[in-house]
Every structure is written in structure tokens, then in C-alpha cells.
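One structure is given below, encoded as C-alpha cells.
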Amino acid sequence: NNTPTALIMIFGATGDLAHRKLFPSLYRLYKKGRLTDRFAVLGVARRSLTLNEFQDSVKKSIVEFTGEQDGLDEFASHFYYQSHDVTDSSSYIQLRELANKLDEQYGLEGNRLFYLAMAPEFFGTIGDHLKSDGLTDTAGYKRLVIEKPFGHDFESAQELNNRLRQAFAEEEIYRIDHYLGKAMVQNIQVIRFANALFEPLWNNRYISNIQVTSSETLGVEERGRYYEKSGALRDMVQNHMLQMVALLAMEPPIKLNTEEIRSEKVRALRSLRPMSLEEVDQYFVRGQYDAGTIKGEGVPAYRTEPMVDPESNTETYVAGKLVIDNFRWAGVPFYIRTGKRLGSKSTKIVVQFKDIPMNLYYNKDTDEKLTPNLLVIHIQPEEGVTLHLNAKKSGSGMETTPVQLSTANQSIDRMNTPEAYEKLLYDSMRGDATNFTHWDEVALSWKFVDTISEVWENTKETTFPNYAAGTDGPQVADQLLEKDGFEWWPVE
Ligand code: BG6
């Protein structure tokens, strides 16, 4: 069924995510004919708004973020609004009545998607009420789409999960990790499993190390309150970075269905070698940005950002070495790094192959080594793949020179986040949970990350701030690889 029918109830409909991502994504789906006329969106938020005001805000966001306005009035006529108190039953009962009415009016067959795009402290309460006030009692499907953060650590995530599971079954919970909606993240498995060239080499006999980098130029913006408690570890590593590692490391699934793919990812995460508290410093390092210059513009230090403690111990940068204890990967480090206020916005995976056993082209006079073969997967802003090879230098000798084979895709916005949301929303409406995180993945990722946060929260990092905005990050990140005889490949 390619044109799903549903009532989409968005909690947090006056918020940033709804305006930047959800409304524009729904509009694009509508324009592509992926939503028939049988859909309705019920926006829910605390603020009191008239129907007109709400529909106007929807239109405004679409014009602003898509630059289009074709058929906008008709599209916006599918949007409804209710001002809501998340803790008050009578508010949910009203919501239920409106939902039933829309069901009938649009022929929605009782299909309901509850999208929680708001402060996570209310996730549990909303889940409780959806059930106790009868909103989940519907003839069609009921699904919960839930934004990060899913908990703050393993324990809180488990508590939240247990609570949500009172109202929704695991198969009905769609935990968003928007990286899984990015075209090139989805491409990782295609590159691996659809190419005779790579799959046989994808192991510790031929790969020396894998590097996953996600660097940002943005700082913490207005999110200091959240970020102070989260830091880069919880904000990026627990979810996006570990998800990319799981996709790179997993075994081929026996089939391309949701269950098989997710269970291979779970197995990959299960083989992450756990660290003891004493070992954390050997494997993970942290950074915090100082003032600096980005694209010619001066930017402030993290500690002077709004809502940030002037002596904050929160990391805005993380680099780590992951060890995967299984037959395929024993001995191959996976290095990850991510940070805010770095020199460029770029997400990239570099697979470095081992040196060949002997260099026939070695020239004693020039002492030139062969550059290793690299497979670079460009996630963003460019989308594509580059293979670094060695070839003969033109001229009469037999000297080698590095050459590159590249493919490039064109993404809609060069940042491909909106595109990711569009895909994920569509998947959740069609009932395809493949690119959402299963509870088992969330649990394993938190357990891994919790050891690191325990150490970091209990030791004040005296070197903070340790990198200037606009640079490549702190020196400790380079030292992490130097110890193993490697270096980071440049992100540019
Ligand atoms: C979010 C984090 O999950 O991902 C943000 O909360 C971060 O802090 C963002 O900026 C990065 O996403 P993208 O798609 O721009 O790489």
C-alpha cells in the first residue's frame, strides 16, 4: 500500500521540529502523491491557537522551508489543532472525540500515528493517557513515533520503555534516529552487500581500521539547557554514531526485512567490547570548544553560550575507539569522532584497507610509500562514494600516483535532514520499522555509553576548553590514533 491513510497526531505542533521538518516533509509527500486526500493532521500543543492561526503557521513553515506553495491551501485544510494539557484526562477525551470525527470525515479507517515531537519528560505521561483515555482504542493501526532522546541512560530508557509498552507493543513503537533516514546511511548496506568487490574484503584480513566522523560547524545554539545534561556523547554517540557503526559492522542479514536487519545490528552492538571504568580513558577522549573563528566570523566559547554553566564540564566533542569482538572484526579498530563548532559540516566514513604485503614500486631515493586504498562513504553534505586507488604516474617510469574513483548523488538540500524525515514519516505510515531503532539497540547503546558518562561526570576535565572553534578538534583525538600507528583521514 503506497498511499497510506492515517490520522497523524503531532504532540508539540507549535515546536521547532514540527515547523522545520514535519510539516515540510508531509507537504513533500503530499506533492509526490504519497498521501492521498485521506489523511488528516491533528496538531496538539499547550498554546491556544485558532484553526486559522494554526493552518497559517503550517503554510508559513512550508513556504519558508520548501520554497514552494503549490496547492498549499488545500494541503493546509487537512490540518486541525487542539490546545492541550498533557497531564489532564479531559484534554485527551476532547482529543479522542476530534480524532473520531476526523476518522469519519476523511475515511481514515481508524489508523493513528501519534508523533511525539516535544520535551521528552512528557513521553511517559502521554503514553499513559493515550491508552487510559481511549485514544489507542481504534479499529485501525496505532503507532507511536518518538523523537530522541529516548531516556538519559540505560535505566531511565528502560523505565520509559516499560511505561510505553503498557500502551504500545514493540512493533508499534517507531524510535526515530534521523541518521537512519539519510540516503547514504541507507546505502551502507547496499554498498556492502550488493558488490562482489567489497563483501569478500569486509573483514579483519583486509581492513586495517574504519573511521566515522560527524563534524558540525554549529554550536549549541539555544539548546544549552538540554545540551548541558547531554553533551556530545548522549547527543550523537549513543544514537547516530553507534547506529552507523552497527551498519558497517553487522553480518549480512539472511533477508532484507525489518526483523533480520535489526537483529544483525543488535548482534553487532552486542559484540562491542565493554570497558571497565578504569579503561575509559584509553578508549575515549573528550573536548569542549573555546572561542574561535568559523568562516571568517568570530564565535563564542561553549562556556559563554546561553544557559551554559561558565565552568561547564560538558563535552562538545567526543572521539573514541570501538573494539568489536567477533571473528570478522577482531583486531580492527572502529574510530568515531563527532563535535560541534569544528571547521566544517561533514559526515563521512573512511574504510582503510591494509597495505599490500610488498611494495614493488618502492623507490629508495624518494622513499615514497604507497597510499593505502580507502573507501570513503560521503554521507553529507555531498552524497557519494570515493575509492582511493594507486595507478601509474604518467611518463616513462613506473612510479605510482594516487587516483580516485567517485560517484556523487545529488541530495535535495545538501544537508539531507529534511529528506530523512520525509522518508521516515512515510515509512512509519506504511508500517516499515526497518530504519527505526529497536529497543534492544537502544538498550545496548546506552549500556555502552553509560560507562563513559559515569567516568566523565565524575572527573572534572581540567583542560577544558581544549579546542578553538573552527579547528579540527582537540589534540587528544589525534593522540588516540597515534597510539595505534594511525591518523585521521581529513574530512574535507
Ligand atoms: C541531532 C542532535 O540529533 O543531530 C544535534 O541533537 C545535531 O545536536 C544533529 O546537530 C545533527 O544532525 P545532522 O542531520 O545535521 O547531521
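Applying the criterion of being in a loop (DSSP other than H, G, I, E, B) and charged (D, E, K, R) to the residues of region 269-301, the residue that is nearest to ILE336 (Cα to Cα) is ARG273. No other residue among PHE75, PHE65 is among the aromatic types (Phe, Trp, Tyr), modelled with pLDDT under 95, part of a helix (DSSP H, G or I) and under 29 Å from the mean Cα position of the chain (by Cα) apart from PHE65. Looking across MET236, MET244, one residue alone is assigned to a helix (DSSP H, G or I) and in contact with a Ser or Thr (Cβ under 6 Å, 6 or more places away or on another chain). It is MET236.
Only one of LEU360, LEU374 is more than 14 Å from THR401 (Cβ to Cβ) and surrounded by 15 or more Cβ atoms within 10 Å (Cβ to Cβ). Can you tell me which? Answer to the check: LEU374. Scanning region 168-199 for residues that are more than 16 Å from the ligand (Cβ to nearest atom), assigned to a helix (DSSP H, G or I) and at pLDDT 95 or above turns up GLU170, GLU171, GLU172, GLN189, VAL190, ILE191, ARG192, PHE193.
Residues being over 24 Å from the mean Cα position of the chain (by Cα), within 24 Å of SER428 (Cα to Cα) and outside any helix (DSSP H, G or I) are entirely absent from region 200-215. Any residue at all in region 337-350 that is away from the ligand (no atom under 16 Å from the Cβ), over 20 Å from the mean Cα position of the chain (by Cα) and more than 30 Å from GLU228 (Cβ to Cβ)? So far as region 337-350 goes, no, none of its residues is away from the ligand (no atom under 16 Å from the Cβ), over 20 Å from the mean Cα position of the chain (by Cα) and more than 30 Å from GLU228 (Cβ to Cβ). Selection of strands (runs of 3 or more DSSP E) fully inside region 373-487 by the criterion of at least 3 residues being within 16 Å of the ligand (Cβ to nearest atom) returns 374-380. With respect to LEU144, determine if the residue is closer than 20 Å to ASP16 by Cα, more than 16 Å from the ligand (Cβ to nearest atom) and surrounded by 18 or more Cβ atoms within 10 Å (Cβ to Cβ). So LEU144 fits the description; yes.
Residues are listed down the side, and each one gets a yes or a no for (1) acidic (Asp, Glu); (2) without any contact (Cβ under 8 Å) to a residue 60 or more places away in the chain:
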{"position": "THR36", "(1), (2)": "no, yes"}
{"position": "ARG46", "(1), (2)": "no, yes"}
{"position": "GLU68", "(1), (2)": "yes, yes"}
{"position": "GLY71", "(1), (2)": "no, yes"}
{"position": "PHE75", "(1), (2)": "no, yes"}
{"position": "GLU97", "(1), (2)": "yes, yes"}
{"position": "GLU109", "(1), (2)": "yes, no"}
{"position": "ARG112", "(1), (2)": "no, no"}
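Exactly one residue out of SER230, SER156 is within 22 Å of PHE11 (Cβ to Cβ), among the hydroxyl-bearing types (Ser, Thr, Tyr), within 16 Å of the ligand (Cβ to nearest atom) and in a helix (DSSP H, G or I), and it is SER230.
Within region 381-402, residues that are within 30 Å of VAL185 (Cβ to Cβ) have Cβ atoms under 8 Å from residues that are basic (Lys, Arg) and not in a strand (DSSP E or B) in these pairs: PRO381/LYS345; PRO381/ARG414; GLU382/ARG414, counting only partners at least 6 apart in sequence or on another chain. Every listed requirement among (1) touching a Leu at 6+ places or on another chain (Cβ under 8 Å); (2) in a loop (DSSP other than H, G, I, E, B) is met by ASP367 save one, (1).
The condition of being modelled with pLDDT of 90 or more and within 14 Å of the chain's Cα centre (by Cα) holds for only one of TYR426, TYR421, that being TYR421.
The values are calculated or read from the model by the stated rules, or taken from the named source; none is laboratory data. Note that the structure is predicted; figures quoted are calculated from it, not measured. Cβ coordinates were reconstructed from backbone atoms using ideal geometry, including for glycine residues, and neighbour counts include every protein chain displayed.
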